[in-house]
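The values are calculated or read from the model by the stated rules, or taken from the named source; none is laboratory data. Keep in mind that what you see is a predicted model, and the values were worked out from it rather than measured. Backbone-built Cβ (ideal geometry, glycine too); neighbour counts: all protein chains shown.
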Amino acid sequence: MTRAVPDYDVVVAGGGPAGATTAGLLAQAGRRVLLVERAAEPRFRIGESLMPATYWTFRRLGLLDAMRGSAFPVKHSVQFFDGAGRASAPFYFSEDDPHESSRTWQVLREDFDPMLRRRAGELGAQVLEGTSVQQVLFDGDRAVGARLAGGDGTRDVTARVVVDATGQSALLSRRLGLRVEDDSLRHVAFFTHYEGAERDEGIDEGATLVLHTAENRSWFWFIPLPNDRASVGVVGPVDELIRDRAADPQAVFEEELARCPALRPRVLDARQVMEMKVLRDFSYRSRQVAGNGWVLVGDAFGFIDPIYSTGVFLALKSGEMAADAIHEALEADDVSGERLGRFQGELAHGMDALKQLVHAFYEPTFSFGAFLRVYPHRRQDIVNMLVGKVFDAPADGLLRDLRAFLATSPHYSPGFLARS
């Protein structure tokens, strides 16, 4: 008896950066791919600041010319401000590497995500927008397809592999009970867009700014965007920003802004052009990246924290890793979880390194300036982390010195940086 030929080699649920990358690279390799995106029209999404290491995935996708020709501001650096308003020296990504890959872009996701989906289509993927994956279909413990819902009703499609790229909705990991939250990073973000906010000049015009409030109880991001817009948000522990505070997100945001001396002048004469939004950005990770016939990518696998703009980078990188693993598994006619998930160790190692840098940032007495006064030779290691060189550049020495530095703080918890 011959097996029925599935409708597709791969069905990808979710057309954000992770899903579009996975679909595009698999189609480029000659696979029959269906990319399913719930939104019928471009829509706002948070996650506007990229890391420079996204360059290499853009190159594989053939997107560099489109990015260069876009209106997205070029980002050369990240700069940090303490609660008193004092600025660190900017961390320029090109300090030790003048290559074009040592810069990146600040994007509007409602323009950026459709660009990725269009490219996936150009590479040969079938793209369905305005359609959602209601559920992943299983035969025993093996994923064998998906149930789609769109304007023409519901239908089932079969596939050799199903990819969950549904972001924090995490369709599969929630269903399978694989998601584990990190209780030490239970944060909430309040954010909006401004027009006419004050930017720096020259090479610093597109820089991401990270600005602490007084007593380091919360921090703001400031991200320059096209059309004289800037994304501005405040992040802090749920207990700090929600408990015993006004229920109005706008009021909470303005209270925190009043406590941020480095940011207030930048938005003093600016106009808020978007309703205040709220996002609980709890950190989490799935226990598995793959199972028999299924793979998780991007936020469907895990989310760290917005502080270093890792979201889109990890989405692209995990999509790239997953596409390679799926292609090789299909070549070998082996779509077991073990074969499909062969990249989990590499992906988790890079995420763990970034996560330890996140934990350091949230230590009450930590600052990059203070750390570098003790360990000046670690500056390039920090730049490498901010660039996204966490898969090809060892971070063990930096993380060891971070632990030693933080151990001198009276608030330091010995196991804090060891958490993964």
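Could you check, for region 48-58, whether at least one of its residues is within 21 Å of residue 354 (Cα to Cα), charged (D, E, K, R) and surrounded by 23 or more Cβ atoms within 10 Å (Cβ to Cβ)?
The answer is yes; a qualifying residue exists.
From the list 149, 170, 120, 159, which residue is out of contact with any Gly (no Cβ under 6 Å at 6 or more places or on another chain) and more than 23 Å from residue 305 (Cβ to Cβ)? Before the answer, list the steps.
Working: 170 fails: more than 23 Å from residue 305 (Cβ to Cβ); 120 fails: out of contact with any Gly (no Cβ under 6 Å at 6 or more places or on another chain); 159 fails: out of contact with any Gly (no Cβ under 6 Å at 6 or more places or on another chain).
Sole residue among the options that is out of contact with any Gly (no Cβ under 6 Å at 6 or more places or on another chain) and more than 23 Å from residue 305 (Cβ to Cβ): 149.
Residues being part of a strand (DSSP E or B) and farther than 17 Å from residue 352 by Cβ: count how many of those fall in region 286-318. Talk me through it step by step, then tell me what you get.
Of the residues in region 286-318, the ones part of a strand (DSSP E or B) are 286, 290-291, 294-296, 302-303.
Pick out the ones that are also farther than 17 Å from residue 352 by Cβ and you get 290-291, 294-295.
Residues flagged as part of a strand (DSSP E or B) and farther than 17 Å from residue 352 by Cβ within region 286-318 amount to 4.
Yes/no matrix, rows are residues, columns are (1) within 30 Å of residue 94 (Cβ to Cβ); (2) free of Cβ contacts under 8 Å to residues at least 12 places away in the same chain; (3) of a type in the set (Ser, Thr, Tyr); (4) assigned by TED's automatic domain parsing to the domain that holds residue 39:
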{"residue": "141", "(1), (2), (3), (4)": "no, no, no, yes"}
{"residue": "146", "(1), (2), (3), (4)": "no, no, no, yes"}
{"residue": "158", "(1), (2), (3), (4)": "no, no, yes, yes"}
{"residue": "169", "(1), (2), (3), (4)": "no, no, yes, yes"}
{"residue": "173", "(1), (2), (3), (4)": "no, no, yes, yes"}
{"residue": "192", "(1), (2), (3), (4)": "no, no, yes, no"}
{"residue": "195", "(1), (2), (3), (4)": "yes, no, no, no"}
{"residue": "199", "(1), (2), (3), (4)": "yes, no, no, no"}
{"residue": "202", "(1), (2), (3), (4)": "yes, yes, no, no"}
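For region 195-230, give me each residue that is surrounded by 21 or more Cβ atoms within 10 Å (Cβ to Cβ), over 20 Å from the mean Cα position of the chain (by Cα) and assigned to a strand (DSSP E or B).
Correct list: 212, 229.
I'm trying to understand the selection: among the residues of region 64-80, which are closer than 17 Å to residue 231 by Cα, buried (at least 17 other Cβ atoms within 10 Å of the Cβ) and hydrophobic (A, V, I, L, M, F, W, C)?
72, 78, 80
Can you go through 154, 166, 192 and tell me which one is farther than 19 Å from residue 17 by Cβ, surrounded by 17 or more Cβ atoms within 10 Å (Cβ to Cβ), at pLDDT 95 or above and polar (S, T, N, Q)?
Checking each option against the conditions leaves just 192.
Identify, please: which residue in region 323-381 is at pLDDT below 95 and hydroxyl-bearing (Ser, Thr, Tyr) and is, among those, surrounded by the fewest Cβ atoms within 10 Å (Cβ to Cβ)?
In this case the residue turns out to be 365.
List pairs: first in region 243-254 and of a type outside the set (Phe, Trp, Tyr), second modelled with pLDDT of 70 or more and surrounded by 10 or more Cβ atoms within 10 Å (Cβ to Cβ), Cβ under 7 Å, 6+ apart or cross-chain?
Partner pairs satisfying both residue conditions: 245/252; 246/252; 249/190; 249/276; 249/278; 250/276; 252/190; 252/241.
Which of the following residues is surrounded by fewer than 16 Cβ atoms within 10 Å (Cβ to Cβ) and either modelled with pLDDT of 95 or more or more than 30 Å from residue 161 (Cβ to Cβ) (or both): 287, 259?
287
Which of the residues belonging to region 257-285 are in contact (Cβ under 8 Å) with a residue 24 or more places away in the chain and not in a loop (DSSP other than H, G, I, E, B)?
Those that are in contact (Cβ under 8 Å) with a residue 24 or more places away in the chain and not in a loop (DSSP other than H, G, I, E, B): 257, 265, 266, 267, 271, 272, 277, 278, 279, 280, 284, 285.
I want to confirm something. Restricting to region 179-189 and keeping residues that are touching a residue at least 12 places away in the same chain (Cβ under 8 Å) and part of a helix (DSSP H, G or I), which single residue is surrounded by the most Cβ atoms within 10 Å (Cβ to Cβ)?
185
Exactly one condition in (1) in a strand (DSSP E or B); (2) more than 30 Å from residue 136 (Cβ to Cβ) is not met by residue 252; state its number.
Residue 252 satisfies every listed condition except (1).
Can you name the residue in region 1-27 that is in contact with a helix residue (DSSP H, G or I) (Cβ under 8 Å, 6 or more places away or on another chain) and farther than 20 Å from residue 130 by Cα and, of all such residues, is surrounded by the most Cβ atoms within 10 Å (Cβ to Cβ)? Give the derivation first.
First, the residues of region 1-27 that are in contact with a helix residue (DSSP H, G or I) (Cβ under 8 Å, 6 or more places away or on another chain): 9-10, 12-27.
Imposing the further condition that a residue be farther than 20 Å from residue 130 by Cα reduces the set to 9, 25-27.
On the way: 9: 21, 25: 25, 26: 29, 27: 26.
Looking at residues that are in contact with a helix residue (DSSP H, G or I) (Cβ under 8 Å, 6 or more places away or on another chain) and farther than 20 Å from residue 130 by Cα, I get 26.
So residue 321 ticks every box in (1) in a loop (DSSP other than H, G, I, E, B); (2) under 26 Å from residue 107 (Cα atoms); (3) without any contact (Cβ under 8 Å) to a residue 40 or more places away in the chain but one. Which box is left unticked?
Result: residue 321 passes all but (1).
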